[in-house]
Amino acid sequence: MLAAIGLDERHESAYRALVTVGAADVPDLARRLMLGERDTERALRRLERHGLAAQSSARPGRWVAAPPGVALGALLTQQRHELEKAELAAALLAEEYRAAAAEPSVHDLIEVVTGAPAVAQRFVQLQLGAVDEVCALVTGNPMVVSGMENDAEEQAAGRGVRYRVVVERAVLDLPNGITELTAALGRDEQVRVVDEVPTKLVIADRALAMVPLTSRMAEPAALVVHSSGLLELLSGLFESVWRGALPLRLGASGVSEQGPEGPDTTDLEVLSLLLAGLTDASVAKQLDLGLRTVQRRVKRLMELTGVTTRLQLGWHAYERGWVARERHEG
């Protein structure tokens, strides 16, 4: 069952056995698995590399299992991230293939920009032409243009163009990273951070996007994508990364991450009553709240979980442990 995250049957059996007993030494675990001690130790070392097991600091020679909810959750998140990258790569390859077919309609949808000066110029034009919003994913390894350092960004923001930017954590370690992020936050840009973004990406007004083009060419190249299915895919990718990122805020001590706020006691009471089948008005009366207050709290919880329907909110509430499933016995 855990093959999808890189564990074969032997390693999964070793982890399951270790979870069952909590802690064990190599000989004991080898007997449980009916394996040789050398093979058992190899399996434990593999689990250690995946963050699923560790040697006990209190009792040398014994191994303990990492909590499945934490350890497997981290591996699954990484796997989802790799799948997102693969989906994007597949879409880009499909567009490259169509472009090679020399169909005029396809060429109208995408442009291939080659060379560092041309890529930089197109990047500036994209921002200067924005009217409402620029969305960007910024990597910590800029090749031609950094999404955070150019005059076009400052000019666009000055005209009232809204910026939503997700930077990967490596950007914070760049020589001018904090300075540029501080300047962006000072311009009222919304900036969030994740461990790693799938790709560098800029989208203007959801009508035009620019993404690096992976190729064997010696000089940098990029795809400029006009309204199309690929543009919708890139916009969806940005929104997915944006929902999972942590906001950055500018305080007295500089730039810091702002963790997501969870539901308070009243939020949990509202959720429980709604899931029990009460209407908004009934919930408001039951909790002595205004109807708009109840609706506002529900909307905030939907934004917090990144869902669009109340049905999805109920599912997320159960999955996150905000409310408990009650079993009624007849």
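A short reminder: the numbers here are calculations on the coordinates, not readings from a lab. Every value quoted in this text rests on a predicted model; they were computed, and no experiment measured them.
Per residue of segment 192-206, what does 6.51 cos²θ - 1.76 cosθ + 1.60 with θ = phi - 60° give for ³J(HN,Hα)? Whole Hz please, x for Gly and Pro, Karplus curve as stated.
10, 10, 9, 4, 7, 9, x, 6, 6, 7, 9, 10, 10, 6, 6
Once amide H atoms are built 1.01 Å from N in the peptide plane, which residues 5 or more positions from residue 213, or in another chain, come under 5 Å H to H?
221, 222, 223
Ordered by residue, what ³J(HN,Hα) values in Hz, to whole numbers, does segment 279-296 give under the Karplus form 6.51 cos²θ - 1.76 cosθ + 1.60, where θ = phi - 60° and Gly and Pro are x?
7, 4, 5, 5, 5, 4, 5, 5, 9, 6, 10, x, 4, 5, 5, 4, 5, 5
If the cut-off is 17 Å between C-alpha atoms, which aspartates and glutamates fall inside it for residue 285, apart from same-chain ones fewer than 8 positions away?
267, 269
Apply the Karplus curve 6.51 cos²θ - 1.76 cosθ + 1.60, θ = phi - 60°, to the phi angles in segment 168-181 and return the couplings in whole Hz, x for Gly and Pro.
7, 4, 4, 4, 5, 8, 5, x, 10, x, 5, 4, 5, 5
By a straight-distance test (C-alpha under 20 Å), which lysines pair with residue 85 as possible cross-link partners, with residues fewer than eight away in the same chain excluded?
The qualifying lysines are 200.
Out of residues 5 or more away from residue 193 or on other chains, whose amide H comes under 5 Å of its own, with H placed 1.01 Å from N in the peptide plane?
Those qualifying (amide H under 5 Å, at least 5 residues apart or on another chain) are 167, 246, 248.
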